[in-house]
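Below is one structure; the comments refer to it alone.
Bear in mind these aren't lab numbers, they're just calculated from the coordinates by the rules spelled out. Values in this document were obtained by computation on a predicted structure and should not be read as measured data. In this analysis, Cβ positions are derived from the backbone assuming ideal geometry, glycine residues included, and neighbour counts consider all displayed protein chains.
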Amino acid sequence: MSLIILVMQIHPRRIALVVHGGAGNSKQNEDGCVAAASAGFRLLTDGSDALTCAVHAVVALEDDERFNAGAGSIRRTDNCTIEADAAVMDTRGHLGAVACLRHIKNPVLVARRVAESDHWLLAGEGALQFARSYGAGEADLFASSPEPEAAAVACDTVGAVALDSEGHFAVACSTGGSAPALPGRVGDTPIVGSGFYAGPAGAVAATGVGEHIVARMLARAVYESLRNGVPVQEALDWGVAQIPGSLEVGLIAVTHSGAAIASNRPMPAHVMQHAG
Ligand code: ASP
């Protein structure tokens, strides 16, 4: 037994983490993705599970006002409503999401808690009540949100996918939505199989115009390619090509053998992996 443990320590299994800061966001913000990926990867290296690491990376991006999630969430067309969508999923059986969640500093942490509840998706007032029931951190998101002129036409989601040392996959994502968007609008980010998916073949996260991503169930479609053995970069490039070029889209994914990034616009992102 001790010999097996020793061999595993000398030859740890492959670990990987990919982070993105939204299709259409500036590449100048990529240092935020590097910092988020580094924080999550440190946990992966220490043996934490894939979901914990992906969520940790997304929290770092939610706290960075340059990204449209958490503190940097954009306003809806009424110029006062700020609503977040977020989700998590892993191959240990966790699936949780929130939609149209207001006032909460880190929506991805609420999605993580929903994954431990009897439900998979909570929305609006009920999601807020759920978050408050366990004391989730709140923040004045209006104060930190970008001025409407700076985000008149905007998308962006933040997301992370991870593979841990036990061979499990996870995905976490969070967004302030798109602009212009009505209060109550929900995109792809909290919809399983559209904005995110994780299964035995890998984990996938999407960013871009949610209405078009949902119509193609893009994350699941890409996952099917991975499950059929298509190389990860090829699968992501195919996924991006499913969306008309006039619309922003980006994808990240991790599999047992690779990790990749694809987008049809500039997209801050970062990959960290250890071959094992
Ligand atoms: N997918 C997000 C949404 O439609 C926005 C984005 O990722 O750009 O809400």
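Data table
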quantity	calculated
Projected-area average for the chain over all orientations - Cα convex hull basis, square nanometres	13.9 nm²
Whole-Hz ³J(HN,Hα) from phi, Karplus 6.51 cos²θ - 1.76 cosθ + 1.60, for segment 115-132, glycine and proline x	4, 8, 8, 7, 10, 10, 9, 10, 10, x, 4, x, 5, 5, 4, 4, 4, 5
Test item: Cα-centred dipole of the chain, Lys/Arg +1 and Asp/Glu -1 on Cβ, debye	420 debye
Computed Rg/Rh of segment 168-276, alpha carbon atoms with Kirkwood Rh	0.96
In segment 173-247, the chymotrypsin sites (Phe, Trp or Tyr not before Pro) that fall in loop regions by DSSP, at most 15 other Cβ within 10 Å	none
Inter-probe distance in nm under a simple model that places probes 7 Å from Cα toward Cβ, at ALA215 and SER133	3.7 nm
Given charges at beta-carbon only (K, R positive; D, E negative), |dipole| of segment 173-276 in Debye	120 debye
Fully extended contour minus Cα-Cα distance, from LEU247 to GLN28, at 0.36 nm per residue	76.7 nm
Helix-only [θ]222 nm of the chain, DSSP H runs n ≥ 4, -39500 (n - 2.57) each, per residue, nearest 500	-9000 deg cm²/dmol
Positive-end extreme of charge dipole, segment 185-252 - chosen from PRO231, VAL249, GLY187 (charges on Cβ)	GLY187
Which of CYS173, ASN25, GLY70, positive extreme of dipole for the chain (C-beta unit charges)	CYS173
Amide proton proximity set for CYS100, modelled H, under 5 Å, gap of 5+	ALA84, ASP85, GLY124
Extension reserve of the GLU116-ARG92 stretch, reckoned as 0.36 nm per residue once the Cα distance is removed	7.5 nm
³J(HN,Hα) computed for each position of segment 97-107 - Karplus, 6.51 cos²θ - 1.76 cosθ + 1.60, integer Hz, glycine/proline x	8, 10, 9, 6, 8, 9, 6, 8, 5, 10, x
3J(HN,Hα) from dihedral phi, segment 42-52, Karplus parametrisation 6.51/-1.76/1.60, rounded to Hz, x for glycine, proline	4, 5, 4, 4, 7, x, 5, 6, 4, 5, 4
